[in-house]
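Take a look at the structure below.
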Amino acid sequence: MDMAPDWEISTGVRLEADHARGVQVGANNTQYNSFGYVPPVVRSAYVEQVRRIVPPDLKGRDAELAELEAFCTGDSDYRYSWWRAPAWAGKSALMSWFVLHPPAGVRVVSFFVTARHHQQNDRKAFLDNALEQLADLLEHRGLPVGMTESTQEAHLLNMLSSAAAACQAADERLILLVDGLDEDRGVTGRPDSYSIAATLPRHPPSGLRVVVSSRPDPPLPPDVSFDHPLRVRCVVRELGQSAYAEVVRADAERELKRIMQAEGTERGILGLITAASSGLSVAELAELANEDQWLVEDYLTSFTGRTFSRAGDSYVLAHEELQSTAMKLLGPSRLRDYRQRLHDWADRYREQGWPADTPEYLLLGYFGMLSDQGDHTRVVQQATDAGRHDRMLDYTGGDAVALDEVALAEEALSATGDCDLVTLCRLALHRADLERRNSHIPLDLPRLWAAVGNVTRAEALVRSISEDGGMRGGALSLLAPETAAAGHHAHAERLVGLIPPRVFIAEDEPGKAISEVARCIAEGGERERALRVARSAPTPFWQSRALAEVAIGVARAGASLAEAEELVWQTPMPYWRVQALGALGQEAARRGEPGLADRLADSAVAEVDASTNSGDKSLLYGYLADGLNRSGRPDRARRLADHAIREAARVHEPQQRIDALTKIGPRLATIVDRAELASLASLADAALTDLRDKEEASPDHMVTRLVAATASAWYAAGDAQRAAAVVSSIAEKSDQAKAMREVIGSAAAAGDLDYARYLADSLPDAEHRDRAYGGIISRAAEEVDDNDLAGLIDAIAGPRELAAALTSLGYRIARHGDRQTATDLAERAETIGRSINDSRTELELLVPLVSALVTLGHVECARKAARRATLLFRTGHKTSPSNLELEKLARGAALAEALETALEIAGLISEPQRRAAVLLELASSAKGPDRLRLAIGPLAAAEEAAKTGQALPHHTMQRILTAWWVLGEDERAESMANWMADNEDTSKPSSPITTPVSWPTFSSTTERKTSRAAQARDQGLVEAVDAVAQAGNFTRAETLVNSIVDTHRQAEARTRLVVALARAGHCDRADTLARTGGTSYLRGRSLQQLAEVFVEQGATDAAERALQSIEDGFSQARASIAVARKVEPSRAKPFLVSPIRQRRLSEILDLLAMVCPAAVEAIADHLLGDRTARAGSHPCEHHGE
């Protein structure tokens, strides 16, 4: 595969204002610097949904299309047009045809209300799809920030106004088209039901026309206001029956009735397809009907096109109205019978453990039918069936569908308002299991599946990877370019739209991935699509790179270099423009146009000469020198290499100087000799010394990276001994190993496999050694034999590292053309990745579970949980447990009267002070005749901790001494007293064992030093707001709130005012104020306190509504937990739903023990019981284990 040019990344990109996106504001000696990325432009795919509805041809509707065009483009005073007709008149055919073939100058935002496709028939679906289309039309980078379900409608109206104005400015007309208002499933007749019709704008903005269609009945829903245009000012058009549609309908209905009269197999096929909703294959129908497949196929073939149509391998009713007609003809009783046959069928396969020949419908269609029917019991059964989801994983290649099922089941249960916490806990635990088995999938494994030609499996796998920590974003950044390179351009564009604005796998992502996709698409001849992808990049810096890549792709696609150069000059940033000109120069040389090649090189050099940033200049000169050398211009390349070296040495800041010196080395390796490369390495070494000598200490991770780069530069210069010495200058062994791994990678990239293996073998730590072997495989030069790399696989012991290495080797082999071997490696890597047992989430639950079980009286079960946690802490937990976790678990085990387990756990506490204190506490808790035997162990351990050299507080020492006397251990007591006398400094206050680490945090706002006067002013205003609000002068209080500069203090004052308003009975005003100003986090805090006031007033429903308005799930769960702790247990259930759904089970186990003991027992069952036999009694019921 022809790779993209090896772009250089600016050393100054983080510091120069022209590369930044931010805002700086200040007042009262306070300065705020706010920086951030902009998400990609939203791209809607709703047109694909319309293509599923549109007929192959529209017959006899020219007059209606002309009328629609006249309304949409004309100057009618009416803004609404309502097309009405009975079923089978051809409404959807007309509307979908119009959407896909709009008149010139018309932009359409559409929605088709239909029950034939999942979740496409209510107000929520309309808002979701319409907002996405409007964001696409407006070129918005993401949907509105902080938008919630309660604010969607307001955002829709605002975006409709903006889109209409934008269309008018472009001399276009915006049309909002909604087909099938009568199919709206959100209209239930209940007071809290809301319709799509009521959501449509009452006062359409200038430039907007609204077209709707429906049957004449039912009438408009009651929530449509009396003055809405649909009621008072609307062009109502009765659509005549389409002769063609009428013939089709008559034939289909006649055939339906004939099938009903036929009874036997024919009617059975109709009944099963109608009951199944989403379609059944011939084999599935034959099994259900107990008939031969050939006979079923003959029946279906004779009906296909009129009654049935094919959707893949499955058969469905050919029209939505046929589904309704068939349901009426069959009647409720027969439909129940047919559905029961489906249920019995599913039960048989479930009892068999979902074997390999499980029908596709039971894996992918059955759940949707259950969900549509509101069969929550079976929905939950299917969504928590681990065996079924294992089979779905085999079938689809990922867990995305399974995770979707769990989410839908949670949503359905939450919507009932029953607060079934036990079932919600079961769903949450099963979701955690699914996520856990995907948490160690190598991020580049989806790319490998795409490389071997299995793009479907690649996407299924990437959708299974968690979004937490940006993991899915990283996998998408690797998958999208591979998909584009394989020619799947539309698919790749869609994947780019899913990549988040920040991807942490590399500093140049997601810009690099988007740029590569844009280039591949351009190389494939789709220039407009490539430009659209390029402009979707999240910052101007990356947009420029992507546009430059498009220019190169256009050239490689065979276009004239003049066309490509024209695109280059549209690239706004010189940094990327230079590299694109250099790449076009190489292409000109390859085409045998030396004059053009020289001119392009001259233009590129002139751009670099005009720059004032030495770091950028050094990289660009190096890039151009390398290109000229490859193009047969060695003399000119040598001159530019000298420029690059000179500019790199001029960089003032040490970090950027090291970056420049070490990055140009590989570019110049074939142009300058090793002595000059050694000179570059020496300069980088000196800059490293300067950096370390600076008063401001640099972060360890940055120093490690720079040391690694400098050491690699020495290796490239031929001085491996000096490279090793530079790495050895790092004191911390782990960081030293990280730096050495970079040198090992450089050796592999140079083709020096023996030396790379020698260095890897010398690493003392097994994990670093494994990672080094994997780095050799991923970075090895092309000339290295794949078989030699395969030999490294056997040396890797760790499963995570082995899965990653297998993936790297598989991708390399796939690129070399051996897809079968690469596929085998991908299978092996995925199997290993899923088999890794990460006990982190299990431990988070086990620690509080012990105490919760004791509270419920399940002491033996609590002991079992404590022993399980201890085993995981000792053997299965990759990272060291925190002392706090160990203390909690030890105390829980002691409560369960498992003192020996508690002592074992306490022995794992790393800090001597805390270990001694817990051991002493455990000794004091010993009871019964074995008190002496049980207490001596912890006391002796506590005493030993005191004598390790770490000073203990005097009162702790005194308690140990007293305990020895109480237990009758006089000799031990005397010995302890003597030791204390000889070490009198034990009475002095102890100093901290460790110095707290100031971890770097990602933040959108960096606050510089604030003057004391400004702080005092704002704090005074906060207190003033409180006083004025308490006095009842709320308007004055709100004015004072808006005078506060500091965001957090302003939020504090606003929250105080919200509380005062609510307590004074002004609940609506308090609610409105709580939702305004500040960040979503701060608004969430205000809404939390408002909910707490509502709870104090007994207004539990109002509290629930306030909490549901909190915009992000994490904050909503946190606030719900806080409120749940303030209400009576009998009223706490509704407040625990959000924490369960937001993976916060470990924080609410004590609440669940009071509110819903069965939920705690379900959790214990899941963690401690036999997971292959979930239906049995939970382990808390087994005593005398």
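Please work out how much length the chain gains when fully extended from GLU297 to ARG1125, using 0.36 nm per residue of separation minus the C-alpha to C-alpha distance, in nm with one decimal.
Here the answer is 291.9 nm.
Residue by residue through the range 374-389, what is 3J(HN,Hα) from phi via Karplus (6.51 cos²θ - 1.76 cosθ + 1.60, θ = phi - 60°)? Round to whole Hz and write x for glycine and proline.
Running phi through 6.51 cos²θ - 1.76 cosθ + 1.60 with θ = phi - 60° gives x, 7, 5, 4, 6, 4, 5, 4, 5, 6, 10, 7, 4, x, 5, 5 Hz.
Taking the Cβ of each residue in THR301, THR821, THR377 as the centre, tally the other Cβ atoms inside 10 Å and list the residues starting with the fewest.
Ranking THR301, THR821, THR377 by Cβ neighbours within 10 Å, fewest first, gives THR377, THR301, THR821.
Can you list residues from other chains, or at least 5 along the same chain, whose modelled amide H is less than 5 Å from the amide H of TYR315?
LEU280, SER281
What would the Debye equation give as log₁₀ I(q)/I(0) for the chain at q = 0.06, 0.07, 0.10 Å⁻¹, counting only Cα atoms as equal point scatterers?
-0.66, -0.92, -1.66
Kindly provide the Kirkwood hydrodynamic radius of the range 46-241 in Å, to one decimal, from all pairs of distinct alpha carbon atoms.
Its Kirkwood hydrodynamic radius stands at 17.0 Å.
Over the chain, what relative contact order in percent results from Cα pairs under 8 Å that are six or more residues apart?
Computed over the chain, the figure is 8 percent.
Percent of alpha carbon pairs in the range 440-554 separated by more than 23 Å?
So the portion of pairs separated by more than 23 Å is 21 percent.
When DSSP assigns beta bridges and you keep just the ones with both residues in the chain, what percent turn out antiparallel, to the nearest 5?
If I count the DSSP bridges inside the chain, around 40 percent turn out antiparallel.
Assuming R0 = 30 Å, what is the FRET efficiency of ASP700 and ALA506, from their Cβ-Cβ distance, to the nearest 0.05?
In this case the efficiency is close to 0.95.
How do the peptides 457-465, 1102-1110 rank, highest first, by the average count of neighbouring beta carbon atoms within 10 Å per residue?
The densest-packed peptide leads the list: 457-465, 1102-1110.
Got a sec? How would TYR244, TYR80 order by Cβ neighbour count within 10 Å, fewest to most?
In increasing order of surrounding Cβ atoms, one gets TYR244, TYR80.
With +1 on the Cβ of every Lys and Arg and -1 on the Cβ of every Asp and Glu, and nothing else charged, how large is the dipole of the range 1025-1122 about its Cα centre, in debye rounded to the nearest 20?
I would put it at about 200 debye.
For the range 165-181, in order, what is each residue's ³J(HN,Hα) by Karplus, 6.51 cos²θ - 1.76 cosθ + 1.60 with θ = phi - 60°, in whole Hz (x at glycine and Pro)?
Once rounded to whole Hz, the list reads 5, 5, 5, 4, 4, 9, 6, 10, 10, 8, 10, 9, 10, 10, 9, x, 4.
Helix-derived [θ] at 222 nm for the chain: sum -39500 (n - 2.57) over DSSP H runs of at least 4, divide by residue count, nearest 500?
Rounded to the nearest 500, it is -20000 deg cm²/dmol.
Two decimals is fine: what is log10 I(q)/I(0) at q = 0.14, 0.19 Å⁻¹ for the range 197-252, from a Debye sum with one equal scatterer on every Cα and no solvent?
-0.53, -0.78
Hey, fewest Cβ within 10 Å first, where do ASP693, ASP444, ASP75 land in order?
Ranking ASP693, ASP444, ASP75 by Cβ neighbours within 10 Å, fewest first, gives ASP75, ASP693, ASP444.
In what sequence, highest mean first, do 1127-1133, 1117-1123 appear when ranked by Cβ atoms within 10 angstrom?
Most protected by this proxy first, the peptides run 1117-1123, 1127-1133.
Under unit Cβ charges (Lys, Arg +1; Asp, Glu -1), what dipole magnitude, rounded to 20 debye, does the range 46-241 have relative to its Cα centre?
It comes to approximately 240 debye.
Label ARG336 and ARG310 with points 7 Å out from Cα along Cα→Cβ: what is the distance between them in nm?
In this crude label model, ARG336 to ARG310 measures out at 3.7 nm.
Using Cα pairs closer than 8 Å and at least 6 residues apart in sequence, work out the relative contact order for the range 46-241, in percent.
Value for the range 46-241: 33 percent.
So for the range 296-387, Kirkwood radius off the Cα pairs, Stokes-Einstein at 10 °C and 1.306 mPa s: how many µm² s⁻¹?
107
To the nearest 20 Debye, how big is the dipole of the chain about its Cα centre, given +1 on the beta carbon of each Lys and Arg and -1 on that of each Asp and Glu?
Approximately 1940 debye in magnitude.
Step through the residues of the range 286-295 one at a time and calculate ³J(HN,Hα) from phi using the Karplus curve (6.51 cos²θ - 1.76 cosθ + 1.60, θ = phi - 60°), rounding each to whole Hz and writing x for Gly and Pro.
So the J values, rounded to whole Hz, are 4, 5, 5, 8, 6, 10, 5, 4, 4, 5.
Over 22 Å between Cα atoms: which of LYS512/LYS663; LYS512/LYS733; LYS888/LYS1133; LYS257/LYS328; LYS617/LYS694 fall into that group?
Cα-Cα > 22 Å for LYS512/LYS733; LYS888/LYS1133; LYS617/LYS694; rest within.
No solvent, one uniform scatterer per C-alpha: report log10 I(q)/I(0) for the range 295-334 via the Debye equation at q = 0.28 1/Å, two decimals.
Each listed q corresponds, in turn, to -0.95.
Given H placed 1.01 Å from N in the peptide plane, which residues other than close sequence neighbours of VAL106 have an amide H under 5 Å from its amide H?
Under 5 Å from the amide H of VAL106 lie the amide H atoms of ARG173, each far enough along the sequence or on another chain.
Of ALA546, CYS1067, HIS858, which is farthest along the charge dipole of the chain in the positive direction, counting Lys and Arg as +1 and Asp and Glu as -1 at C-beta?
Of ALA546, CYS1067, HIS858, it is CYS1067.
Taking amide H positions as placed 1.01 Å from N in the peptide plane, with prolines and chain starts having none, which residues 5 or more places from PHE112, or on another chain, fall under 5 Å of its amide H?
When sequence neighbours closer than 5 places are left aside, the close amide H contacts are ASP179.
All of the numbers you see were taken from the coordinates with simple rules; none came from a lab. Just so we're clear, the structure is a prediction, and the values are computed from it rather than from any experiment. Note: ideal-geometry Cβ built from the backbone for every residue, glycine included; neighbour counts use all protein chains shown.
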